1. For residue 210, indicate whether it is of a type outside the set (Lys, Arg), at pLDDT 95 or above and under 22 Å from the mean Cα position of the chain (by Cα).
2. Every residue in the stretch 97-134 that is buried (at least 17 other Cβ atoms within 10 Å of the Cβ) and small (Gly, Ala, Ser), please.
3. Would you check which residues across the stretch 104-158 are small (Gly, Ala, Ser), out of contact with any strand residue (DSSP E or B) (no Cβ under 6 Å at 6 or more places or on another chain) and closer than 24 Å to residue 80 by Cα and list them?
4. Give 287, 277, 256 a once-over and let me know the one that is part of a loop (DSSP other than H, G, I, E, B), under 29 Å from the mean Cα position of the chain (by Cα) and in the same structural domain as residue 202 (by TED's automatic domain parsing).
5. Does any residue of the stretch 52-62 turn out to be surrounded by fewer than 17 Cβ atoms within 10 Å (Cβ to Cβ), under 24 Å from the mean Cα position of the chain (by Cα) and not in a strand (DSSP E or B)?
6. Test residue 277 against the stated conditions and say whether it is touching a helix residue (DSSP H, G or I) at 6+ places or on another chain (Cβ under 7 Å), in contact (Cβ under 8 Å) with a residue 60 or more places away in the chain and either exposed (fewer than 15 other Cβ atoms within 10 Å of the Cβ) or among the β-branched types (Val, Ile, Thr) (or both).
7. What is the number of the single condition among (1) within 27 Å of the chain's Cα centre (by Cα); (2) exposed (fewer than 15 other Cβ atoms within 10 Å of the Cβ) that residue 78 does not meet?
8. Which condition number does residue 197 fail, the rest of (1) in contact (Cβ under 8 Å) with a residue 24 or more places away in the chain; (2) under 30 Å from residue 258 (Cβ atoms); (3) more than 28 Å from the chain's Cα centre (by Cα) being met?
Amino acid sequence: MRRSRKRSTLAAALALAAATLGALAAAPPVQAKAPQSGSLTVTGDPDDPISEGRSYSFATAAGDGFNVWGTANHLTVQVFDPPAGPWTIDLSAPVGQPLTVGTYTGATENTYESPLPGIALSGNDRICMYGQTGSFTVTDISWGPHGYLERFDATFEQRCNYSTGSARGEVHVANPPAPPVLGVGVEVAASGTIDSQTGEVAVRGTVTCTAPATVYVEGQVTQSRHGQVAEGIVRAEVACTPGEPVAWTSRSPSFTSNPFRQGDVDVSANASSYDTTYDVFVSDSETATVKLKRS
């Protein structure tokens with residue numbers, strides 16, 4: 001009787017887990033990436049040292065360069081190419097909490113690892129020299145898998161501690177809906193062959209994928225008979241396309257002093273590929289008992 005054990009980390013499970021945990025501070029970080037669209041507007045009172053009483057408006061639609069990075073606990077939006085210097089707004093929830101829709105009052109300059117919310121607005125190489133306080137309201141925030149930020153909209157107000165004036169503004173970030181996470185699967189065929197001349201073992205199976213991808217299959221072939229163990233490797237590279245399963249075959253001699261023989265062997269196969277959208281590896285594995293016949 002053939003025995004097979006699956007251990008899967010397929011995309012559906014990953015996506016579900018990421019969506020469920022996306023609101024947690026421990027979620028994967030948002031890498032510094034340019035959003036599809038973004039805007040930042042700032043106005044201020046005359047005594048505000050950041051705005052100096054002026055109004056500023058930046059937008060990707062106007063050709064301004066934006067980057068976004070952070071975690072589910074805090075987000076930083078930066079306009080990095082104004083002639084006078086970059087503008088940055090950093091907003092954070094209290095430590096251990098996710099940024100969610102709602103109003104955060106009592107924010108301070110402690111934007112990380114603080115029991116209070118955090119706010120930090122800087123621009124044109126000007127910062128609050130002695131700290132700041134403020135508040136902000138998140139009106140929309142949406143996450144996809146693996147720290148993919150779909151939308152972020154917030155309003156904010158900040159006052160430097162030594163100033164009587166404040167700076168106020170709005171920040172908006174939008175990206176396309178999160179693409180599906182790449183999923184791969186692997187199956188091990190119930191039968192294999194052993195070359196009667198060389199003793200080389202051939203095992204085979206199939207891989208599946210949810211998007212075109214190069215899938216690498218690696219593992220081990222093991223046979224134990226009367227206390228003697230023969231071992232070989234499983235290694236294959238497959239150009240996978242969605243739809244029908246794609247075949248893989250691996251051939252290997254025994255790398256111990258004991259040769260493979262006809263009969264049952266244990267085959268472990270792990271299929272892995274790299275999801276370029278989310279910069280993560282995805283994998284699936286199976287361990288099965290395979291019957292070898294001479295070729």
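1. So residue 210 fits the description; yes.
2. Across the stretch 97-134, the qualifying residues are 107, 118, 120, 122, 123, 134.
3. The answer is 131, and nothing else.
4. 277
5. So far as the stretch 52-62 goes, no, none of its residues is surrounded by fewer than 17 Cβ atoms within 10 Å (Cβ to Cβ), under 24 Å from the mean Cα position of the chain (by Cα) and not in a strand (DSSP E or B).
6. Judged against the criteria, residue 277 is not a match.
7. The single condition residue 78 does not satisfy is (2).
8. It is condition (1) that residue 197 fails.
The values are calculated or read from the model by the stated rules, or taken from the named source; none is laboratory data. Keep in mind the model is a prediction, meaning the values are calculated, not measured. Methodologically, a virtual Cβ is constructed for each residue, glycine included, from the backbone with ideal geometry; neighbour enumeration extends over all protein chains shown.
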